[in-house]
Protein chains: 2
Amino acid sequence: MSDAKNIQSVKGTRDFYPDDMRLRNWIADTWREVSLRNGFEEYDAPIFEYLDLFTIKSGDEIAAQLFSFTDRGGRSLAIRPEITPSLARMVNARINALPRPIKWFSVPRLCRAENPQRGRLREFFQWNVDVIGSDDVLADAECIYTAVDFLRQVGLTPDDVVVRIGSRPLVVHKLRQLGVAEAAMDQALVALDRRPKISAEAFAEQCAKAGLSDEQVGAICEFLDVPETDSLQQVAAVEGMDGDRNAILQLRTHLEAMGVWPYCRFDWHIVRGLAYYTGIVYEVFDAAGSLRAVAGGGRYDNLVEVLGGPKIGATGFGMGDVVLAILLKDKDKLPHTAGRLDYFVIDDRECPLSLVLQVVSEIRKRGGQADFSYKRQNTGKQLKEANRRGAAAAVIVRGAGKPIGIKNLANGNQTDQPLEDFLSLLDKTR
Amino acid sequence: MSDAKNIQSVKGTRDFYPDDMRLRNWIADTWREVSLRNGFEEYDAPIFEYLDLFTIKSGDEIAAQLFSFTDRGGRSLAIRPEITPSLARMVNARINALPRPIKWFSVPRLCRAENPQRGRLREFFQWNVDVIGSDDVLADAECIYTAVDFLRQVGLTPDDVVVRIGSRPLVVHKLRQLGVAEAAMDQALVALDRRPKISAEAFAEQCAKAGLSDEQVGAICEFLDVPETDSLQQVAAVEGMDGDRNAILQLRTHLEAMGVWPYCRFDWHIVRGLAYYTGIVYEVFDAAGSLRAVAGGGRYDNLVEVLGGPKIGATGFGMGDVVLAILLKDKDKLPHTAGRLDYFVIDDRECPLSLVLQVVSEIRKRGGQADFSYKRQNTGKQLKEANRRGAAAAVIVRGAGKPIGIKNLANGNQTDQPLEDFLSLLDKTR
């Protein structure tokens, strides 16, 4: 038993005390509000699934991060490290009944067996926004718009954040043109993905490992290092690959019409780590580039099919709460959240407790947030508790049939009135 | 790969499609609203903890239902089957900084390795309401009041639900007086708990297993089977045990003052299964008694101490979403939830897509819920989609500089106005 006495929380998880919880709710509620106004409907899936669901198509990075276990029947299960496979499973299960495009969002709790570090925890929340059943680049545009709509709503400007947009097929095509062999392609993409975070030497080393010559590395760097304003001209100049090229150009046109292109850039480096992306991909970063990605997503046209459904277009992104909260704190955009009450009910010396309880419950019944002190103590102490609890007003109860006092705790003004008048006012303003 | 194609969800878990999710959100949002107006603050803990946290004090019933696993460091972890141990851990970690009483609530996702059946799943949500740091029966009264406040808000009356209140120490005292030996006490309590759900023969059998004589069983039954209106007189007549006896009598007085005693009854059968309860206990049932308990709770004055903290009073309850939803459905109290939008933006034949996108994004930017069709199709089809999506109005866009039409989809009325006027109206009503 003595060992048991100092059980801590597990490293990489968080306790949400009321102040932390209000902040978490503010983020999640804002995600919900923005999703709903952009025409997305909320869904959720179980926190655990059959292990196979996560290992089929997610790639080794995710598979290595699974918390897996077996149930009493010996079945292999895992806590979800992402929700997209569950989403594809759910869509497949009702593929013929669901009108398309399917515009859904979720705010799942996810767990990954990582080494905890700044911006990366073993348990976190992730906003997921997806459009399934449309090949139209409008679907990609809407997802990106929705991400920016949120960033804008919480007060982040193009000076704070940037959406870096890439294209998996176009970059593969480009690398082929520069002489990268098929066998080296995956490693070359990984090197590309890491390039902004590593030194030129480390990049050259990774490329060498992929079997690229110094000449090829030079050509790739020259190609990548054009000014960002020119990168879309590079896209426009791509020969062949009409569909993928036009998708990027149309994406820009749509995002311009929707007024959020100032947040966006084309960037050849963006390829995304996960195995299942097939087209346009993007990541949201802080403009200073000092944090991990705030969000990432793209088109994954094969996943639904791999899970037994038809081949239908799908695109979406995930935004985690951990890096986002760090960024918002850095930018001083987190709201001030504190506990609050409408009323704190205080008893005068002669007042019976039953009357306090009656007044408290009558206020609550009418939707008012009300509380009181469990201790029978003097008015001054009770007023102090009222202030500590963030009450807007104190209701002072003096005895049956006597008028109550309503004290505005912001300015100290107090008015007296019959209890019945106060309650019928609450009824009216409800 | 072909095996992978038909991965299902795990039995005993639920997929929340948008209709299901709206219902789940309605329940959780109502739990939150009622908690806040009763002066409780929201907290949450990680979904997994060290296994030890759950096995110390929860009793074998919970321990057998754990989904446990090990992380890469070989540490034993488990998905939470309840949140109370995490709550006690969190309170202990800040025991000197938290003003008391600590009035907290949570709506955790919980998992138990049970055999799924009606009203019992392997993953569910549970409303938890607790007061820590008060020995006063006021704390128990507030928890019960809060439970009833919710039941009342969702439209359940004393004809639909009943809060059955018991007292662990009083029933143990009573059983002792009736000659039950200490060694047989736990088994006798289990038999008592099960009595309302089993036959007289099965009850007698369980009592025999506990070593009780037929005579003792007869005395217990005679005692238990007084009319419910007399059970509080039995409590008042208990000799010794003044604290526990008065707690029940005061509880009734407080709940009467708060206007919710009509929902409540004293019932000697209520002892609760979990090991950590120490005083007043209660369970909420449907009045017909055909379902499992909707909620259950009570006082657990030792748990904080067992987890390394001081000996301080604690009391609270949990209400699961599964039985609750069954009951609300039976009583026809579930709300009608459907997807909805404020506006669905429709384009006339000559209107460029960019203008549609612009209007949609301008509405969204102002907080309006707006969507549009990805397909360029005729107005009739777009109107049909607007109706299917539950839009309150269709906004018909005809071309740059032309007035837009606002069609009320409830009554079919349509008015035309310049886009600017419409948007500035949105600005004003925001």
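Side notes on the structure shown:
- From the options A:322, A:360, residue that is buried (at least 16 other Cβ atoms within 10 Å of the Cβ) and either closer than 30 Å to residue A:100 by Cβ or assigned by TED's automatic domain parsing to the domain that holds residue A:137 (or both): A:322
- Residue A:398 away from every other protein chain (no Cβ under 11 Å) and basic (Lys, Arg): yes
- Residue count, the range B:144-189 (criterion: more than 24 Å from the chain's Cα centre (by Cα) and not in a helix (DSSP H, G or I)): 4
- Within the range B:29-52, the set of residues being of a type in the set (Gly, Ala, Ser) and more than 30 Å from residue A:72 (Cα to Cα) comprises B:35, B:39.
- Flag for residue B:270 being in a loop (DSSP other than H, G, I, E, B) and either crowded, with 22+ Cβ neighbours inside 10 Å or not assigned by TED's automatic domain parsing to the domain that holds residue B:324 (or both): yes
- Here is the figure for the range B:21-49: residues that are under 16 Å from residue A:25 (Cβ atoms), facing chain A (nearest Cβ under 7 Å) and part of a loop (DSSP other than H, G, I, E, B) total 2.
- Screening residue B:207 on (1) over 26 Å from the mean Cα position of the chain (by Cα); (2) touching a residue at least 60 places away in the same chain (Cβ under 8 Å) shows it passes everything except condition (2).
- Scanning the range A:319-348 for residues that are in contact with a strand residue (DSSP E or B) (Cβ under 9 Å, 6 or more places away or on another chain), within 17 Å of residue A:147 (Cβ to Cβ) and not in a strand (DSSP E or B) yields A:321, A:322, A:323, A:324, A:327, A:331.
- Number of positions in the range B:401-430 that are closer than 16 Å to residue B:346 by Cβ and among the small types (Gly, Ala, Ser): 2
- Residue that is surrounded by the most Cβ atoms within 10 Å (Cβ to Cβ) [pool: residues in the range B:93-114 that are closer than 25 Å to residue A:73 by Cβ and within 9 Å of chain A (Cβ to nearest Cβ)]: B:111
- Residue satisfying all of: in the range A:1-20; within 7 Å of another protein chain (Cβ to nearest Cβ) and not in a loop (DSSP other than H, G, I, E, B); modelled with the lowest pLDDT among these: A:4
- Odd one out for residue A:52, checked against (1) facing another protein chain (nearest Cβ under 9 Å); (2) under 24 Å from the mean Cα position of the chain (by Cα): (2)
- Residue in the range B:349-369 that is part of a strand (DSSP E or B) and either at pLDDT 95 or above or over 30 Å from residue B:401 (Cα atoms) (or both) present: no
- When residues in the range A:258-291 are screened for being farther than 14 Å from residue A:140 by Cβ and either among the basic types (Lys, Arg) or within 14 Å of chain B (Cβ to nearest Cβ) (or both), 6 of them pass.
- Taking the criterion of being in contact with a Phe, Trp or Tyr (Cβ under 6 Å, 6 or more places away or on another chain) and assigned to a strand (DSSP E or B), the residues of the range A:297-318 that qualify are A:297, A:298, A:314.
- Every residue from the range A:201-255 that is within 14 Å of chain B (Cβ to nearest Cβ) and either part of a loop (DSSP other than H, G, I, E, B) or of a type in the set (Lys, Arg) (or both): A:252
- Residues (in a helix (DSSP H, G or I) and surrounded by fewer than 20 Cβ atoms within 10 Å (Cβ to Cβ)) located in the range A:386-416: A:387, A:388
- Matching entry among A:245, A:272 (being among the basic types (Lys, Arg), in contact with a helix residue (DSSP H, G or I) (Cβ under 8 Å, 6 or more places away or on another chain) and more than 29 Å from residue A:324 (Cβ to Cβ)): A:245
- Of all residues in the range A:353-376, those that are without any contact (Cβ under 8 Å) to a residue 60 or more places away in the chain have Cβ atoms under 6 Å from Cβ atoms of residues that are assigned to a helix (DSSP H, G or I) and of a type in the set (S, T, N, Q), 6 or more apart or on another chain, in A:373/A:382.
- Matching option when the condition is under 14 Å from residue A:282 (Cβ atoms) and surrounded by 17 or more Cβ atoms within 10 Å (Cβ to Cβ), among A:141, A:188: A:141
- Cβ-Cβ contacts under 6 Å between residues 6 or more apart (or on different chains), taken from a first residue in the range B:62-91 that is touching a residue at least 24 places away in the same chain (Cβ under 8 Å) to a second residue that is hydroxyl-bearing (Ser, Thr, Tyr), are listed as B:76/B:70; B:78/B:68; B:83/B:106.
- Residue list for the range A:363-385, restricted to those being more than 11 Å from chain B (Cβ to nearest Cβ) and surrounded by 20 or more Cβ atoms within 10 Å (Cβ to Cβ): A:382
The values are calculated or read from the model by the stated rules, or taken from the named source; none is laboratory data. Here the structure is a predicted model, which is why all the values come from computation and not from measurement. Counting neighbours? That spans all protein chains shown, and the Cβs are built from the backbone with ideal geometry, glycine included.
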